[in-house]
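Participant: Got a structure for you, questions after.
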Amino acid sequence: MVLARRKVVYMLLIAALVLFLSPFGWLVITAFKAQSELRAVPIHWWPHHPTLDNFQQALTLFDYLGYARNSLTIAGLYSVLITLASAWAGYGFARLNGPGKKLVFGLMLSTMMTPQIITLIPTYLLFAKADLVNTYIPWVLWGLAGAPYLIFLFRQFFTNMPKELEEAAIIDGCGQIRIFWRIFLPQSWPVIATSLILSFSWSWGDYIAPALLLDDDRTTLSVKIATGYVNEHGTGLYTLIAAGSVMYIVPVLALFLILQRGFITSSATSGLK
């Protein structure tokens with residue numbers, strides 16, 4: 001009976017996996033098709049003559065690597081800064097005491113329910129008045145501000161660490177800053193990995209902020225892929241879009257594969273007391 005249930009569960013999981021991966025599979029298949037095959041009737045479920053020309057044209061139709069460098073610069077700065085800022089804020093909520101700490105923590109968590117679209121125009125106006133449009137400074141400021149969800153993860157992790165570590169460090173003459181950098185932060189590698197993966201993917205996949213704040217020469221790859229693959233009539237070249245999108249996913253997948261052990265560990269233990 002138990003074996004039969006396991007088989008049913010595995011079958012359901014495999015079906016769900018196929019369902020979730022089917023859009024990505026179709027994207028990869030489209031990347032190897034000729035442009036004419038997209039309009040073929042009946043539908044060519046598999047490319048009759050697979051070609052790598054789409055990938056070559058996707059790299060050369062515009063400066064693909066240059067825009068990828070812009071995206072890596074923004075995503076790298078943002079992910080490192082927001083991880084450090086969130087870790088420091090999470091340490092404060094977990095290990096330091098002060099009046100109104102619970103109220104401030106609750107208010108911070110409540111901001112997670114605020115839709116991004118509400119703050120979009122006010123944010124643009126603030127950056128425009130500060131003459132920060134068409135610079136990467138907004139991503140630096142967003143990174144230094146931390147993220148409520150990441151602060152929550154760090155706070156949960158630091159709360160569960162033994163108090164004896166902190167007390168021993170205080171006896172040895174360490175202050176709070178040194179305790180954070182030398183003891184707590186090195187121990188929080190699973191949460192750091194999770195924060196880096198999530199924040200990098202947030203920034204790497206963001207379309208709205210770069211389209212709103214950056215000019216064409218400084219914008220990110222996500223914006224350029226959406227607008228750059230067109231012919232002389234303005235019609236989208238969908239096989240090139242597919243090829244460019246497949247290459248666009250590679251950095252996020254690589255980062256996840258490198259840090260996946262820490263990400264899984266953090267996801268499994270973040271809710272434990």
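Participant: Label region 21-60 by shape, choosing from rounded, prolate and oblate, from the square roots a ≥ b ≥ c of the eigenvalues of the Cα gyration tensor; if a/c is under 1.5 it is rounded, and otherwise prolate applies when a/b is larger than b/c, oblate when it is not.
Facilitator: Working: a/c = 2.24, a/b = 1.25, b/c = 1.78.
Note, shape of region 21-60 comes out oblate.
Participant: Keeping every protein chain present and rolling a 1.4 Å probe, give me the accessible area per residue for region 84-243 in Å². Mind showing how you got there, number by number?
Facilitator: On the way: 8630 Å² over 160 residues.
Per-residue accessible area for region 84-243 comes out at 54 Å².
Participant: Now a separate question. Once you've got the GNM for the chain with C-alpha springs shorter than 10 Å, pick whichever of THR220, THR159, THR30 has the biggest mean-square fluctuation.
Facilitator: Maximum among the listed residues: THR159.
Participant: Placing unit charges on C-beta atoms (Lys and Arg positive, Asp and Glu negative, everything else neutral), compute the dipole magnitude of region 135-273 about its Cα centre in debye, rounded to 20. Before the final figure, lay out each step's value.
Facilitator: On the way: 8 positive and 9 negative charges, 83 e Å.
For this selection, approximately 400 debye.
Participant: What do you reckon, how do TYR248, TYR91, TYR238 stack up by accessible area (1.4 Å probe), largest on top? The partial results should precede the final answer.
Facilitator: Numbers: TYR248 35, TYR91 0, TYR238 135 Å².
Putting TYR248, TYR91, TYR238 in descending order of accessible area: TYR238, TYR248, TYR91.
Participant: Which whole-number percent gives the relative contact order of the chain, counting Cα pairs below 8 Å spaced six or more residues apart? Don't skip to the end; give the middle numbers.
Facilitator: Working: 258 pairs, mean separation 82.6, N = 273.
For the chain, the relative contact order is 30 percent.
Participant: Multiply the residue gap between THR119 and TRP181 by 0.36 nm, knock off their C-alpha separation, and tell me the result in nm, one decimal place. The partial results should precede the final answer.
Facilitator: Details: separation 62, 0.36 × 62 = 22.32 nm, distance 3.32 nm.
Length difference between fully extended and current span is 19.0 nm.
Participant: Something else: Output the relative contact order of region 1-83, whole-number percent, from Cα pairs under 8 angstrom with separation of 6+ residues. Can you show the working numbers first?
Facilitator: Details: 27 pairs, mean separation 14.9, N = 83.
Result for region 1-83 is 18 percent.
Participant: Please arrange SER86, SER245 by accessible surface area, largest first, computed with a 1.4 Å probe and ligands excluded. Let's see the in-between values first.
Facilitator: Working: SER86 0, SER245 25 Å².
Accessible-area ranking of SER86, SER245, largest first: SER245, SER86.
Participant: Same structure again: Amide H to amide H, which residues 5 or more places from VAL230 or on other chains are under 5 Å from it, using H placed in the peptide plane?
Facilitator: Those lying under 5 Å, H to H, from VAL230 are LEU237.
Participant: Of all the accessible heavy-atom surface of the chain, with the other protein chains kept in place and a 1.4 Å probe, what percent is carbon and sulfur? Mind showing how you got there, number by number?
Facilitator: Working: 11400 of 16540 Å².
Accessible surface attributable to carbon and sulfur in the chain totals 69 percent.
The values are calculated or read from the model by the stated rules, or taken from the named source; none is laboratory data. Remember, predicted model here, so these are calculated numbers, not experimental data. Neighbour counts are summed over all protein chains in view; Cβ atoms, including those assigned to glycine, are modelled from backbone coordinates with ideal geometry. SASA here: full protein model, heavy atoms, side chains in, ligands and nucleic acids out. Shrake-Rupley method; radii C 1.70, N 1.55, O 1.52, S 1.80 Å.
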